[in-house]
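J.: My structure is below; once you've seen it, I'll send some questions.
The values are calculated or read from the model by the stated rules, or taken from the named source; none is laboratory data. Just so you know, these numbers come straight off a predicted model, no measurement behind them. Here the Cβ positions follow ideal geometry from the backbone for every residue, glycine too, while neighbour counts run over all protein chains shown.
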Amino acid sequence: MKIAILTGASRGIGLALTKRLICMDYKVYGISRSFENMDFHHENFIPIRCDVQNTRELMDKINSIKKDEPEIHLLINNAGVGYFGPHEQIPIEGIQAMVRTNLEAPLVLCQLLLRSLKKSRGTIIFISSVTAKKISTHGCAYAASKAGLSHFANSLFEEVRKHGVKVTVIHPDMTKTSFYDNLDFTYENEEDAVLLAEQVADAVEYVLNTESNMVVNDITLRPQKNRIKRKGSNTYIK
């Protein structure tokens, strides 16, 4: 059985990934700030309560896992947070949260786990965002944090490929999750205007099933239609 560490495991894309990895015979250490609303239990899912912005706590949790597991085969950096609007209106705490969750925590986790992943010739997957690849008005800081993540992933691959470590960054567009619950916009609930969390899990499964001689470095997932809905109105942004 292979060992996976997954951040943001309790809901949305993370929950879909948790379920898929267990079906693929992984033992999953799932990191999340809370598991209160997670209605999923399995003997091969080990919930780890931790805020990835708390670096000392995160280091302690990872070191504890490493003591219990002689080999770690997979790290998925999935946890993310977003604040949107004109940049001058984004709270300073929100900017810090995005940089620390979306960028700093994955860098820290890779530093802590790279020796283990080199030993197992394992895989690192980053769940970034399509905004990393384009200009994002009213999402400048979020896009910057995700662009930094994607650039780090590409650079890291060149550093570790000689050790047999695979690195993939996935760029999903709008996905039907609770990410938008506290935002003033959301996805349009048409079948061809939004991705499903399970489709991101499909991409991860594809990456993990590739032959040892091939690495898929970059996957971008887009819905067929590009429609964003303002909450409380029938206004759509194209």
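J.: Right, residue 116: modelled with pLDDT under 95, crowded, with 18+ Cβ neighbours inside 10 Å and either more than 13 Å from the chain's Cα centre (by Cα) or among the hydrophobic types (A, V, I, L, M, F, W, C) (or both) or not?
T.: No.
J.: Oh, and also: So is residue 198 touching a residue at least 12 places away in the same chain (Cβ under 8 Å) and either surrounded by 15 or more Cβ atoms within 10 Å (Cβ to Cβ) or over 13 Å from residue 220 (Cα atoms) (or both) or not?
T.: On the way: touching a residue at least 12 places away in the same chain (Cβ under 8 Å): yes; either surrounded by 15 or more Cβ atoms within 10 Å (Cβ to Cβ) or over 13 Å from residue 220 (Cα atoms) (or both): yes.
Yes; evaluated as a whole, the condition is true for this residue.
J.: Same structure again: Testing residue 121 on (1) over 23 Å from residue 203 (Cα atoms); (2) surrounded by fewer than 20 Cβ atoms within 10 Å (Cβ to Cβ); (3) not hydrophobic (A, V, I, L, M, F, W, C), one condition comes back false. Which one is that?
T.: (1)
J.: Pairs only if they're at least six apart or on different chains, beta carbon under 8 angstrom, first in the range 165-189 and free of Cβ contacts under 8 Å to residues at least 40 places away in the same chain and within 22 Å of residue 147 (Cα to Cα), second in a strand (DSSP E or B) and of a type outside the set (Gly, Ala, Ser); list them, first residue then second.
T.: Cβ pairs passing all conditions: 176/187; 176/195; 180/186; 180/187.
J.: Can you name the residue in the range 114-149 that is touching a residue at least 12 places away in the same chain (Cβ under 8 Å) and of a type in the set (S, T, N, Q) and is also nearest to residue 176 (Cα to Cα) among such residues?
T.: 129
J.: Same structure, new question: With the checklist (1) modelled with pLDDT of 95 or more; (2) buried (at least 20 other Cβ atoms within 10 Å of the Cβ); (3) touching a helix residue (DSSP H, G or I) at 6+ places or on another chain (Cβ under 7 Å) in hand, flag the one item residue 3 doesn't pass.
T.: (3)
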